[in-house]
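Notes for the one structure printed next.
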Amino acid sequence: MSTATAAVTLAPRLRWNWLWSARHDLAWNLAPFWLGLAGATFLYLARDAGAGGGAPWDFTLAGQKIGMSAVLLYLYGPLVDAPHLWATIARTYTDRDEWKTRSALFLGSLAWLLAGPAVILLPYVLHRLVGLPAGLETSGWLAFSYFLTFYALFHINRQHWGFVALYRRKNGEAADSIERNIDSWFFQLAIWLPVAAMLSAPWYVDLDGKPYLFLQTAVGSTTLSSLVHRSIHILFLSICAAYAFFQARQWRRGVERNGPKLVYIVTVISLYYFTFSFHPAVATLWVPLIGVGHCAQYHRVVWAYGRSRYAGKSASDRRAPSSIFENAWLYAALGVLFGAVTLQGPGAGPIGRAVARALDAGIFRHAFIFLGAGAGFALGVRVFGAFISGVRLHHFYVDSKIWRVSKSAALARNLDV
């Protein structure tokens with residue numbers, strides 16, 4: 001055996017450098033997504049099991065039908081999503097040193113709270129001022145709803161790529177290597193193609209409850225949506241096969257493989273494919289199926305950062321975040337409280353209706369006299385909901401500015417990458 005051959009044979013074949021430890025990475029970065037994958041599989045297998053077209057886990061209580069899907073989404077906001085929004089506040093707005101360097105970001109980003117109401121109200125203002133054709137008033141709400149949905153997906157997907165990048169750094173992969181480009185191209189295509197498959201599926205309905213007619217226009221004996229939908233499946237499976245072939249070739253050549261990175265990529269991409277691509281019973285619950293893992297891993301990385309930067313400091317170096325990141329129960333309780341204060345769950349409905357009635361009586365009924373009976377109240381509900389959604393938009397934007405590991409040596413040091 002030649003010296004070169006022996007070197008390749010004896011070289012380590014897999015690196016397993018975890019971000020924190022095998023136990024913590026499995027618990028926070030992988031297991032929540034495996035749980036989502038199990039949930040997606042169950043939803044698909046049980047898609048036709050409900051009586052009368054309902055889900056098999058729905059039930060009747062005191063004569064009222066209870067939809068478990070609605071219950072899950074209702075609880076997801078205050079117990080899962082809102083605490084992870086709080087995590088960003090804990091590591092930014094509570095730190096006076098952060099205020100010294102990021103005050104413009106912290107104050108300017110609050111404009112996201114008004115972005116949704118402004119977009120929703122713009123068509124009504126145009127209708128009043130320049131005679132926008134009747135029926136187009138709701139275009140602002142549809143535009144904002146699409147923007148919020150896709151910005152949320154962009155934010156989540158960007159975090160996924162951020163964790164791929166962290167695993168690359170932790171395992172010593174070069175930032176400018178060919179493999180990095182292959183990882184990027186594959187990951188960005190593979191994570192968005194399932195979403196495209198959902199949008200092109202014959203069963204997909206628009207945000208207004210109508211079929212997505214642009215892709216469901218008949219072409220001969222088949223619909224355009226079915227053709228596009230099948231083509232996306234083929235493309236997705238093809239690029240997955242190509243990426244697997246590339247990894248196998250690198251393995252055969254003796255090039256070290258990054259174990260945590262590959263496990264993470266396979267986990268996330270599989271979850272997206274099964275969640276978005278196959279059936280509306282699964283796709284309609286994409287938020288909790290994907291979001292639980294997203295929030296869990298975000299808590300873990302914020303907690304790691306907070307413990308490194310703030311916890312256990314001497315009296316002169318202590319900050320408000322020091323107490324927060326030294327007590328997990330306080331951190332969790334403040335997260336749930338943040339959800340209550342920002343109306344991410346119980347209480348949002350009654351308060352929203354009260355605000356909607358006030359807006360209708362005090363503003364809309366006079367400013368938009370062309371509104372029919374009840375339309376002003378419905379508009380108020382949408383405006384209030386968009387304002388509350390601004391809390392998430394604010395999180396998306398601020399988050400995109402504070403986690404740039406490649407541009408901050410201090411951040412990389414606190415994350416130990």
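Here the extension length gained between Val266 and Val71 equals 67.2 nm, from 0.36 nm per residue of separation less the Cα-Cα distance.
Annotation: the antiparallel percentage among DSSP beta bridges lying fully within the chain is about 75.
Amide H contacts of Arg257: Leu14, Arg15, each under 5 Å away and 5 or more positions distant or on a separate chain (H built 1.01 Å from N in the peptide plane; Pro and chain starts excluded). Using Cβ point charges alone (K and R +1, D and E -1), the dipole size of the chain about the Cα centre works out to roughly 960 debye. When trypsin sites (Lys or Arg not before Pro) are flagged only if DSSP places them in a loop and at most 11 other Cβ atoms lie within 10 Å, the longest unflagged stretch of the chain comes out as 1-252.
Each reported figure results from applying straightforward, stated rules to the coordinates on display, with no laboratory input. Nothing here was measured: the structure is a model prediction, and the numbers come from that model. No Cβ is skipped: glycine too gets one built from the backbone with ideal geometry, and neighbour counts run over all protein chains shown.
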